[in-house]
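Accompanying notes for the structure given below.
The values are calculated or read from the model by the stated rules, or taken from the named source; none is laboratory data. Keep in mind the model is a prediction, meaning the values are calculated, not measured. Backbone-built Cβ (ideal geometry, glycine too); neighbour counts: all protein chains shown.
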Amino acid sequence: MPPQDEIDRLRTELQEWRRRAEVAEAIAVERLARAESAERALRAAEGAVAKGRDARPRPSGKDASKAPQAPVEPTRPATLRERWRRYTETIN
């Protein structure tokens, strides 16, 4: 049977790893909340821009060819895991 000192050391180490896991989970939850807030803000901004575009008069006839083209936007990830992965890549 292992000595009591080694058992106590292992228990202490286990408690430390559990604490670290709890901290990591809390950080992940906070980062996810920030990412979701940023997404909501982005959607609101995109909506405001779209409303502004609709309110402006559109060129017609020969002026239509001179109208600026809307930029192609990257596709949005479908899953929360993919969104989280993309977000964490931007902060690392």
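A few remarks follow.
- Residues that are of a type in the set (Lys, Arg) and at pLDDT below 80, drawn from region 36-84: Arg53, Arg56, Arg58, Lys62, Lys66, Arg76, Arg81, Arg83
- Condition check for Glu16: touching a residue at least 40 places away in the same chain (Cβ under 8 Å), acidic (Asp, Glu) and surrounded by 10 or more Cβ atoms within 10 Å (Cβ to Cβ): no
- The set of residues in region 1-13 being surrounded by 10 or more Cβ atoms within 10 Å (Cβ to Cβ) and among the hydrophobic types (A, V, I, L, M, F, W, C) consists of Ile7, Leu10.
- Being more than 20 Å from the chain's Cα centre (by Cα), at pLDDT 90 or above and surrounded by 10 or more Cβ atoms within 10 Å (Cβ to Cβ) is a property that holds for Glu22.
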